[in-house]
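Here the structure comes first, spelled out in structure tokens, and everything after it is commentary.
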Amino acid sequence: MSETQAYLPSAAWQEQAHVKGMAAYQALVAESEADYQGYWARLAREFVTWQTPFTQVLNESNAPFFKWFEDGRLNVSYNCLDRNVERGLGDKVAIIFEADDGAVTKVTYSELLAKTAQLANVLKSRGVKKGDRVVIYMSMSVEGVAAMQACARIGATHSVVFGGFSAQSLRDRVQDAGAVMVITADEQLRGGKALPLKSIVDEALADGSCPTLKDVIVYQRTGGKIGWVEGRDHWLHELLAGQSTVCEPEWVEAEHPLFLLYTSGSTGKPKGVQHSSGGYLLHAALTTKWTFDLKDNDVFWCTADIGWVTGHSYIAYGPLALGGTEIVFEGVPTYPDAGRFWKMIEKHKVSIFYTAPTAIRSLIKAAETSEAVHPARYDLSSLRLLGSVGEPINPAAWEWYHKHVGGGRCPIVDTFWQTETGGHMITPLPGATPLIPGSCTLPFPGITTAIVDETGNDVPNGQGGILVVKKPWPSMIRTIWNDPDRFKKSYYPSELKGYYLAGDGAIRDADTGYFTITGRIDDVLNVSGHRMGTMEIESALVSCTELVAEAAVVGRPDDTTGEAICAFVVLKRPRPTGDEAKVIAKQLRDHVAKEIGPIAKPKDIRFGDNLPKTRSGKIMRRLLRSVAKGEAVTQDTSTLENPAILEQLGQAY
Ligand code: 6R9
């Protein structure tokens, strides 16, 4: 990696950006190093409006359960809505909503505030109180964002469940969170199709397995036919009728849980990552300003779904906290054709565009196949900044994005972060950081990422290791809901000197000190930027008890999705081949879709009479990874109990 490959910020960028040039970046880093708490306190006063100012900054007395701004009180929805209206931004467009069919609705800050307040009053009228958990199982919509804001307004803790998750996954989350309410829609529209939401909620709640659940609120999106449980189900529009558009915000402590978001770990069921109100909001707003350089006249578009953390920090909270104008898009990038993103950028004059490498890679493929959906066919001159998130962006995709979408003039911020971190951790700042394709560059000012070995000792630059964060930061995960022990074990293992363990491997360049993420070091896969535990998929497969005896799941590289899921399956019946194997593979995929959701369907399924195991009975996953990649097995197989199995596993269905 040499300096000559770097893309330097233009003079204009260095002059106009919120963080102007490398010297400004370094000054912020120096400020945070000189007085860590003072630095964060300054920003917390600047970015968050407190109803009761905090006097304490960081409380480390019960580490790793850190507390930030503990005695301060605030309301997140006040900060995102009322505050902007009070600043005179009431008539400014907060959300430009584009529906699947292209219909556009614009919502101003005053309107979003009124809608949120009404919705908050609905929640209150159904008895939802501060601290109650509300599950939101919604498509991308203004109502989805307003539902999150409404929870924040009354101090209820939301847990958004991605609309692609199955009834079983939804049930697990409602149960674990002990939710009192589910907010959903009758159906969602994606790619010209109406997909069920309410009927999945019905299935999730059918067997009375969620005793805490009282109400299901249904937003009517399509008017499609749905089932109805009297007493439990309520139409949102009926409950909204007559509700006041004023709702006094509930002032909560800074540490009050704003939301839980379930994400995959290496073992067990998905964990409910618990976030705070004050520290979380600070980092969501701060990173939106510095990383995305959000300005008053920008049109910001983050293409993530509100079911993922990116949709929380960079749709529901960060841009609204700054009074920005943003796009909320209901549909998919390939409908009506793969030019949809470019068409929308042109139509809405999007200036900041934030998406995932997997989307970029699939749009590259589409553009290379059909000239009509090539970005060159659209006027993308409104763009000034591009972003990437979710997985490493390979340099070839980076270069294409830079040249064909950004016209060679837009910096790309490759933002590394996680559900647990709440906001950006390692990222370029567009007016400061020289960019090197494939590297997320340097820590955000105040974030103390480092690379260490298994015992927590720093490794020299140029040598790979384990990515950690040395000091607690305001938007960090507070705990795993219902499982503080798992929180400690997963993120603060005793051998790492009290550092936060991210779960990724990384390397710093010997010359520049730039970070490159080398991928997960645990059994978590990243498929199209979605996190999935191999164990979760294995349990889904073996839960197909009539067919499956044993299953092992590994990842393999995939050109479009980054990683692909590869399942090795032993059936309770003789090993199938040919057409029969295809039929059973489909059955298993459908089963996984039902258990977890379609995103967890294995791309490859390989059948064996057994799995390759050591004499002590351990599945040889390293070997499975080679088989999955289609590589010749060069590893030492001398400890393998049953070498003949390898030949059977050669065929993927
Ligand atoms: C925001 C988000 C987190 C995992 C993370 C890492 C991978 C995210 C990345 C990246 C390389 C980037 N990841 N951004 N890897 N470069 N810019 O994606 O959260 O869904 O929790 O996933 O995604 O492996 O540990 P989440």
(request) Please specify each residue of region 605-644 satisfying the condition of being under 28 Å from Q168 (Cα atoms), surrounded by fewer than 19 Cβ atoms within 10 Å (Cβ to Cβ) and not basic (K, R). (result) I619
(message) Quick test for you: out of S382, S351, S388, S362, pick the one residue that is out of contact with any strand residue (DSSP E or B) (no Cβ under 8 Å at 6 or more places or on another chain) and either within 14 Å of the ligand (Cβ to nearest atom) or of a type in the set (S, T, N, Q) (or both).
(response) S362
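Specify which of the listed residues (G423, G464) is farther than 19 Å from E60 by Cβ, within 16 Å of the ligand (Cβ to nearest atom) and surrounded by fewer than 19 Cβ atoms within 10 Å (Cβ to Cβ). If you could, list the steps in order and put the result at the bottom.
Working: G423 fails: surrounded by fewer than 19 Cβ atoms within 10 Å (Cβ to Cβ).
It is G464.
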(message) Taking the condition of being of a type in the set (G, A, S) and within 16 Å of the ligand (Cβ to nearest atom), how many residues in region 391-406 meet it?
(response) 2
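Only one of these is surrounded by 22 or more Cβ atoms within 10 Å (Cβ to Cβ) and more than 16 Å from the ligand (Cβ to nearest atom): S264, S277. Name it. Lay out the reasoning, then the answer.
Working: S264 fails: more than 16 Å from the ligand (Cβ to nearest atom).
Step by step, each of S264, S277 is checked, and only S277 is surrounded by 22 or more Cβ atoms within 10 Å (Cβ to Cβ) and more than 16 Å from the ligand (Cβ to nearest atom).
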(request) Test each condition in (1) within 17 Å of M138 (Cβ to Cβ); (2) within 20 Å of the chain's Cα centre (by Cα); (3) open to solvent by less than 10 Å² (accessible area, probe 1.4 Å) for L258 and report the one that comes out false. (result) (1)
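If you go through region 175-186 one residue at a time, do you hit one that is under 22 Å from E255 (Cα atoms) and in a helix (DSSP H, G or I)?
Initially, region 175-186 is screened for residues under 22 Å from E255 (Cα atoms), giving 176-180.
Next cut, in a helix (DSSP H, G or I) only: 176-177.
Yes, the conditions are met somewhere in region 175-186.
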(request) Sort out which residues of region 203-221 are open to solvent by 30 Å² or more (accessible area, probe 1.4 Å) and in contact with a Leu (Cβ under 8 Å, 6 or more places away or on another chain), and write them in order of number. (result) Y219, Q220, R221
(request) Confirm whether H374 is over 21 Å from the mean Cα position of the chain (by Cα) and either surrounded by fewer than 19 Cβ atoms within 10 Å (Cβ to Cβ) or more than 16 Å from the ligand (Cβ to nearest atom) (or both). (result) yes
(request) From I183, I136, grab the single residue that is touching a His at 6+ places or on another chain (Cβ under 6 Å) and touching a residue at least 40 places away in the same chain (Cβ under 8 Å). (result) I136
(request) Taking the options E238, E230, name whichever one is assigned to a helix (DSSP H, G or I) and either without any contact (Cβ under 8 Å) to a residue 12 or more places away in the chain or more than 29 Å from the chain's Cα centre (by Cα) (or both). (result) E238
(request) Please report, ordered by residue number, the helices (runs of 4 or more DSSP H) entirely within region 1-119 with at least 2 residues that are open to solvent by 10 Å² or more (accessible area, probe 1.4 Å) and more than 27 Å from D296 (Cβ to Cβ). (result) 21-34, 36-47
(message) Whether any residue in region 473-487 is of a type in the set (D, E, K, R), farther than 20 Å from L260 by Cβ and open to solvent by less than 20 Å² (accessible area, probe 1.4 Å) is what I want to check.
(response) no
(request) Tell me, yes or no, whether region 210-217 has at least one residue that is over 26 Å from the mean Cα position of the chain (by Cα), farther than 22 Å from S159 by Cβ and assigned to a loop (DSSP other than H, G, I, E, B). (result) no
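What are the residues in region 183-237 that are of a type in the set (A, V, I, L, M, F, W, C) and at pLDDT below 95, if any? Can you show your working first?
Step one: list which residues in region 183-237 are of a type in the set (A, V, I, L, M, F, W, C), which gives 183, 185, 189, 194-195, 197, 200-201, 204-206, 210, 213, 216-218, 226, 228-229, 235-236.
Hit for region 183-237 is A206, nothing else.
Given the criteria of a type outside the set (G, A, S) and within 16 Å of the ligand (Cβ to nearest atom), does V309 qualify? Let's see the steps before the verdict.
Details: of a type outside the set (G, A, S): yes; within 16 Å of the ligand (Cβ to nearest atom): yes.
In short, yes.
Looking at region 350-403 only, could you name the residues that are β-branched (V, I, T) and farther than 22 Å from V527 by Cα? Explain how you work it out, then say what you get.
Of region 350-403, the ones β-branched (V, I, T) are 350, 352, 355, 358, 360, 364, 369, 373, 389, 393.
Passing the criteria: V350, I352, T369, V373.
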(request) Considering only residues that are more than 11 Å from the ligand (Cβ to nearest atom), assigned to a loop (DSSP other than H, G, I, E, B) and touching a strand residue (DSSP E or B) at 6+ places or on another chain (Cβ under 7 Å), look in region 510-536 and name the one that is least open to solvent (accessible area, probe 1.4 Å). (result) Y514
(request) Confirm whether V452 is within 15 Å of the ligand (Cβ to nearest atom), in contact (Cβ under 8 Å) with a residue 12 or more places away in the chain, under 28 Å from G555 (Cα atoms) and open to solvent by less than 20 Å² (accessible area, probe 1.4 Å). (result) no
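The values are calculated or read from the model by the stated rules, or taken from the named source; none is laboratory data. Given the structure is predicted, the values throughout are model-derived calculations rather than measurements. Ideal geometry is used to build each Cβ from the backbone, glycine not excepted, and the neighbour counts take in all protein chains shown. We work out accessible area using only protein heavy atoms, side chains counted, and drop any ligands, DNA or RNA first. Shrake-Rupley method; radii C 1.70, N 1.55, O 1.52, S 1.80 Å.
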